[in-house]
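Peer 1: One structure coming up, written as structure tokens, with questions to follow.
The values are calculated or read from the model by the stated rules, or taken from the named source; none is laboratory data. Worth saying up front: this structure is predicted, and the values here are computed from it rather than measured. Virtual Cβ from ideal backbone geometry, glycine too; neighbours counted across all protein chains shown.
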Number of protein chains: 2
Amino acid sequence: MSVTIKDVARQANTSIATVSKVMHGSYSISKETADRVNQVMEELGYHPNQRARNFVSKSNKTIAFVTDIDKEAGFKNPHMFEMMCGMEAMLSQKGYGFLVKGLTKSDVCDYVKNAFETKYVDGFVIHASVITPQLSDLVSSKGIPHLVIGVPSFDNNFCWIDADNKHAGQVAAKHLLTVGYRTVAFIGGTDEDKISMHRLEGVLSILNEHDVLIPSNYLQYGNSGVEDGYAMTLQILKGASRPEAIICANNYLAYGCVKALQDKKIKIPEEIGVITFDDYPFSQILNPKLTVVNIDVYDMGQEAGSMIVQKIKKPNLHIQSYITYPQVIVRESTK
Amino acid sequence: MSVTIKDVARQANTSIATVSKVMHGSYSISKETADRVNQVMEELGYHPNQRARNFVSKSNKTIAFVTDIDKEAGFKNPHMFEMMCGMEAMLSQKGYGFLVKGLTKSDVCDYVKNAFETKYVDGFVIHASVITPQLSDLVSSKGIPHLVIGVPSFDNNFCWIDADNKHAGQVAAKHLLTVGYRTVAFIGGTDEDKISMHRLEGVLSILNEHDVLIPSNYLQYGNSGVEDGYAMTLQILKGASRPEAIICANNYLAYGCVKALQDKKIKIPEEIGVITFDDYPFSQILNPKLTVVNIDVYDMGQEAGSMIVQKIKKPNLHIQSYITYPQVIVRESTK
DNA sequence: CTGAAAGCGCTAACAT
DNA sequence: ATGTTAGCGCTTTCAG
């Protein structure tokens, strides 16, 4: 059996209450006894039993991150993992454990309900990919501490945070204008691609603000494959006038765009500048290296970690907001 | 306060012991009382407090995955996350929770010791990037249930599993020979890059077996950047005779290699075939799409999950082995 | 400043 | 078949 608080108390010639107090840094303990107790703890190699603590304090000090993870997730969704890393770091720092649970949409309700009722964990961070209206009802009716990552696409009572892609779009457009590009085109995903749409929204808001005209062929939508980026860029090039810069809604599109430009012997960044979003290793490998507006998802994860513990402490705290730390990383694809 | 076992007992007119027994399906309970108790539990919406259970049963039913995760890990190390996904899935299936803990090498010992002693978790899966000889001593002296992912590079008592990169190298070489390439070159990482070295080892074993001669310039080592792959390929091309195929130790190298070949107007796969390892999305984006030898790390994760729970049940089980599921995915860069 | 004692909710001997 | 009871290791009043 491992050493317990009793052993420490006996050895230090005090009561367990005193030992407990020194562990919690109570002021009402004389320096001598505190020192003595600390020393004994050291000698005995005492470690408080976390389970006992969890039990009496009615908290596990752990939060569950629930999301859908299937095969290939590691490769297809590096963002999510990056975010998880930030979250883990913050939770660790705050003394919380980070439990990850992969679930399909249909199983989430049951899991959350049970995990909450059995007090298996203290709170939940839930990826927007697995939320449902029923889950919203559940968490709000039971007051389950939670935080959703990603904007829900339906009416809800969730607390959520998301990256502000509109803002990121604004930052991209602003940067282009600032460094001297006068006309800009945009290639993005389909209507369903909310991220792309939000980025476009931001871009347009800035362009309008600066009275930059946008010929219709400057706006291209399609799938997000490399070849789609290639084709859309060609479409843009076909028009009467060429834009001075192109904003690509994501890295794949940007790769296709760069290829098309190079095939047409158009110099980047002199003749046309290219900017995209998210700092995948990818962007640094391409030639030219891509200028990107990066959203620090690690930071967002940290924020999420910090928020969920706040929520646990103040259950009536209600957060529904976009947060973001967009930052432009200037590389070779823009002047 | 939520309803406890006492409430159930009172309401059902029995003792808490009886309630506990019906929950655990004890045979020595009459059907009537069992039914009654179950009904009361239902009525009251009773859920056993998991924390109390953990406390008395001295087990959390959770295993911790400890690794070093810093910023960018999500982008730089998709493999690890893919592996984690497989592990999570398996552990979930076996009724275990999956806790992830990011730690630096210097902190791992303390953490593991403490987490074990405080019974915070039941077992550990540890990434080889954070293991030390001290940790080996610790886990073996205390009999801590663990499994390390990756071969340790020092004498140790760990249980470990790893991907068999040598085997993967053999598979790559064999495939090349099979489809008709007669001479093959290899570009890989530095001496310290064990993965690259093991892959090379496998390649050479097959080449020797088939009496394929390897001029010294066919073997190139360097860093693993795209530009390194480019430069090494050029080195190879400088030689008196050209190889018919090139094996690239990783994706970045492969990208540089392809670029160099294309700049030299060498046709892939007709004049020179290219093969690499690991099925990053990357490989499918390049033009031509890359033929790869893939190692299914998700499967490996599942294996790891399954092994650690075995270890918990049978502590004297000792595993030190390479496991792997290499599979060649033929795409455009080889005939 | 320190200690005694009462739980927290559950399991598991041990009685009955 | 069921109930009594003694913990598990810790926190936290409440006295001293």
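Peer 1: Being on the phi < 0 side of the Ramachandran plot, assigned by TED's automatic domain parsing to the domain that holds A:Asn217 and among the hydrophobic types (A, V, I, L, M, F, W, C) narrows it down to one residue among A:Val258, A:Val309; which is it?
Peer 2: Checking each option against the conditions leaves just A:Val258.
Peer 1: Which residue pairs have Cβ atoms closer than 7 Å, lie 6 or more positions apart in sequence or on different chains, and pair a first residue in the range B:53-66 that is in contact (Cβ under 8 Å) with a residue 60 or more places away in the chain and at the interface with chain A (Cβ under 8 Å from one of its Cβ atoms) with a second residue that is part of a loop (DSSP other than H, G, I, E, B) and of a type in the set (Asp, Glu)?
Peer 2: B:Asn60/B:Asp122; B:Thr62/B:Asp122
Peer 1: Here is a follow-up. Considering the range B:26-38 alone, what residues qualify as being more than 11 Å from DNA strand C (Cβ to nearest atom) and free of Cβ contacts under 8 Å to residues at least 12 places away in the same chain? Give the steps one after another, and end with the answer.
Peer 2: Residues of the range B:26-38 more than 11 Å from DNA strand C (Cβ to nearest atom): B:27, B:29-38.
B:Tyr27, B:Ile29, B:Ser30, B:Lys31, B:Glu32, B:Asp35, listed by residue number.
Peer 1: Let me ask something additional. Hey, among the residues in the range A:111-132 that are farther than 12 Å from A:Phe65 by Cα and touching a Pro at 6+ places or on another chain (Cβ under 8 Å), which one's modelled with the highest pLDDT?
Peer 2: The extreme case among them is A:Ile131.
Peer 1: Inspect the range B:118-133 for any residue being of a type in the set (Lys, Arg) and either more than 16 Å from DNA strand D (Cβ to nearest atom) or more than 14 Å from chain A (Cβ to nearest Cβ) (or both) and give the result as yes or no. Quick ask: steps written out before the conclusion?
Peer 2: Step one: of the range B:118-133, the residues of a type in the set (Lys, Arg) are B:119.
Right, trim to either more than 16 Å from DNA strand D (Cβ to nearest atom) or more than 14 Å from chain A (Cβ to nearest Cβ) (or both) and you get none.
The answer is no; no qualifying residue exists.
Peer 1: Which of the residues belonging to the range A:102-129 are in contact (Cβ under 8 Å) with a residue 60 or more places away in the chain, closer than 29 Å to B:Ala52 by Cβ and not charged (D, E, K, R)?
Peer 2: If the condition is that a residue be in contact (Cβ under 8 Å) with a residue 60 or more places away in the chain, closer than 29 Å to B:Ala52 by Cβ and not charged (D, E, K, R), then A:Tyr120, A:Val121, A:Gly123, A:Phe124, A:Val125, A:Ile126 are the ones that fit.
Peer 1: Looking for whichever is modelled with pLDDT under 95, farther than 26 Å from B:Ala260 by Cβ, within 14 Å of another protein chain (Cβ to nearest Cβ) and assigned to a helix (DSSP H, G or I) here; the options are A:Asp299, A:Asp228. Which one fits?
Peer 2: Details: A:Asp228 fails: modelled with pLDDT under 95.
On inspection, the qualifying residue turns out to be A:Asp299.
Peer 1: In the range B:22-35, is there at least one residue being more than 28 Å from B:Asp122 (Cβ to Cβ) and at the interface with chain A (Cβ under 9 Å from one of its Cβ atoms)?
Peer 2: Residues of the range B:22-35 that are more than 28 Å from B:Asp122 (Cβ to Cβ), as a first pass: B:28-35.
Those left that are additionally at the interface with chain A (Cβ under 9 Å from one of its Cβ atoms): none.
No, that holds for no residue.
Peer 1: Which of the residues spanning the range B:19-28 are surrounded by 13 or more Cβ atoms within 10 Å (Cβ to Cβ) and within 6 Å of DNA strand D (Cβ to nearest atom)?
Peer 2: First, pick out the residues of the range B:19-28 that are surrounded by 13 or more Cβ atoms within 10 Å (Cβ to Cβ): B:19-23.
Within the range B:19-28, no residue meets the criteria.
Peer 1: Go through A:Ala115, A:Ala89 for me and flag whichever is part of a helix (DSSP H, G or I) and either within 16 Å of DNA strand C (Cβ to nearest atom) or among the basic types (Lys, Arg) (or both). Steps first, please.
Peer 2: Values: A:Ala89 fails: either within 16 Å of DNA strand C (Cβ to nearest atom) or among the basic types (Lys, Arg) (or both).
From the options A:Ala115, A:Ala89, the qualifying one is A:Ala115.
Peer 1: Hey, can you tell me all the residues within the range B:211-254 that are hydrophobic (A, V, I, L, M, F, W, C) and either within 16 Å of B:Val292 (Cβ to Cβ) or outside the structural domain of B:Thr183 (by TED's automatic domain parsing) (or both)?
Peer 2: Filtering the range B:211-254 down to residues hydrophobic (A, V, I, L, M, F, W, C) leaves B:212-214, B:219, B:226, B:231-232, B:234, B:236-237, B:240, B:245-249, B:253-254.
Matches in the range B:211-254: B:Ala245, B:Ile246, B:Ile247, B:Cys248, B:Ala249, B:Leu253, B:Ala254.
Peer 1: For the range B:138-212, which fully contained strands (runs of 3 or more DSSP E) count at least 2 residues that are touching a residue at least 40 places away in the same chain (Cβ under 8 Å), over 18 Å from the mean Cα position of the chain (by Cα) and within 30 Å of B:Gln235 (Cα to Cα)? So that I can check it myself, show each step before the final result.
Peer 2: Values: elements: B:146-149, B:160-163, B:184-188.
Where strands (runs of 3 or more DSSP E) fall fully within the range B:138-212 and carry at least 2 residues being touching a residue at least 40 places away in the same chain (Cβ under 8 Å), over 18 Å from the mean Cα position of the chain (by Cα) and within 30 Å of B:Gln235 (Cα to Cα), they are B:184-188.
Peer 1: Return the total of residues in the range B:87-112 being more than 8 Å from chain A (Cβ to nearest Cβ) and either more than 20 Å from A:Gln93 (Cβ to Cβ) or of a type outside the set (Val, Ile, Thr) (or both).
Peer 2: The first filter runs over the range B:87-112 and keeps only residues more than 8 Å from chain A (Cβ to nearest Cβ), leaving B:87, B:90-91, B:93-96, B:103-112.
Subsequent filtering for residues that are either more than 20 Å from A:Gln93 (Cβ to Cβ) or of a type outside the set (Val, Ile, Thr) (or both) retains B:87, B:90-91, B:93-96, B:103, B:105-107, B:109-111.
Number satisfying all stated conditions: 14.
Peer 1: Select from the range B:1-18 the residues that are more than 7 Å from DNA strand C (Cβ to nearest atom), in a helix (DSSP H, G or I) and buried (at least 17 other Cβ atoms within 10 Å of the Cβ) and list them in ascending order.
Peer 2: Within the range B:1-18, the first condition is being more than 7 Å from DNA strand C (Cβ to nearest atom), and the residues that meet it are B:3, B:7-15, B:18.
If we keep only those that are in a helix (DSSP H, G or I) as well, we get B:7-12, B:18.
Within the range B:1-18, B:Asp7, B:Val8, B:Ala9, B:Gln11, B:Ala12, B:Thr18 meet the criteria.
Peer 1: Residues in the range A:61-76: is at least one within 15 Å of DNA strand D (Cβ to nearest atom), hydrophobic (A, V, I, L, M, F, W, C) and either over 30 Å from B:Tyr280 (Cβ atoms) or in contact with a helix residue (DSSP H, G or I) (Cβ under 6 Å, 6 or more places away or on another chain) (or both)?
Peer 2: Taking the range A:61-76 first, the residues within 15 Å of DNA strand D (Cβ to nearest atom) are A:61.
Still in the list and also hydrophobic (A, V, I, L, M, F, W, C): none.
Within the range A:61-76 (the criterion being within 15 Å of DNA strand D (Cβ to nearest atom), hydrophobic (A, V, I, L, M, F, W, C) and either over 30 Å from B:Tyr280 (Cβ atoms) or in contact with a helix residue (DSSP H, G or I) (Cβ under 6 Å, 6 or more places away or on another chain) (or both)), the answer is no, since none of the residues qualifies.
Peer 1: I want to confirm something. Restricting to the range B:40-52 and keeping residues that are within 14 Å of DNA strand D (Cβ to nearest atom) and within 9 Å of another protein chain (Cβ to nearest Cβ), which single residue is nearest to B:Ser20 (Cα to Cα)?
Peer 2: Quick first cut of the range B:40-52, residues within 14 Å of DNA strand D (Cβ to nearest atom) only: B:40, B:48-52.
Filter again for within 9 Å of another protein chain (Cβ to nearest Cβ), leaving B:48-52.
Details: B:Pro48: 9, B:Asn49: 12, B:Gln50: 13, B:Arg51: 15, B:Ala52: 13 Å.
So, considering only residues that are within 14 Å of DNA strand D (Cβ to nearest atom) and within 9 Å of another protein chain (Cβ to nearest Cβ), the one nearest to B:Ser20 (Cα to Cα) is B:Pro48.
Peer 1: Could you look through the range B:113-158, keep only residues that are more than 19 Å from B:Leu91 (Cβ to Cβ) and hydroxyl-bearing (Ser, Thr, Tyr), and pick out the one that is surrounded by the most Cβ atoms within 10 Å (Cβ to Cβ)?
Peer 2: Among residues in the range B:113-158 that are more than 19 Å from B:Leu91 (Cβ to Cβ) and hydroxyl-bearing (Ser, Thr, Tyr), the one surrounded by the most Cβ atoms within 10 Å (Cβ to Cβ) is B:Ser136.
Here is a yes/no grid of residues against (1) under 22 Å from B:Asn60 (Cα atoms); (2) surrounded by 22 or more Cβ atoms within 10 Å (Cβ to Cβ); (3) within 16 Å of DNA strand C (Cβ to nearest atom); (4) at pLDDT below 90:
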position: A:His47; (1), (2), (3), (4): yes, no, no, yes
position: A:Lys61; (1), (2), (3), (4): yes, no, yes, yes
position: A:Val66; (1), (2), (3), (4): yes, yes, no, no
position: A:Asp70; (1), (2), (3), (4): no, no, no, yes
position: A:Glu82; (1), (2), (3), (4): no, yes, no, no
position: A:Lys94; (1), (2), (3), (4): yes, no, no, yes
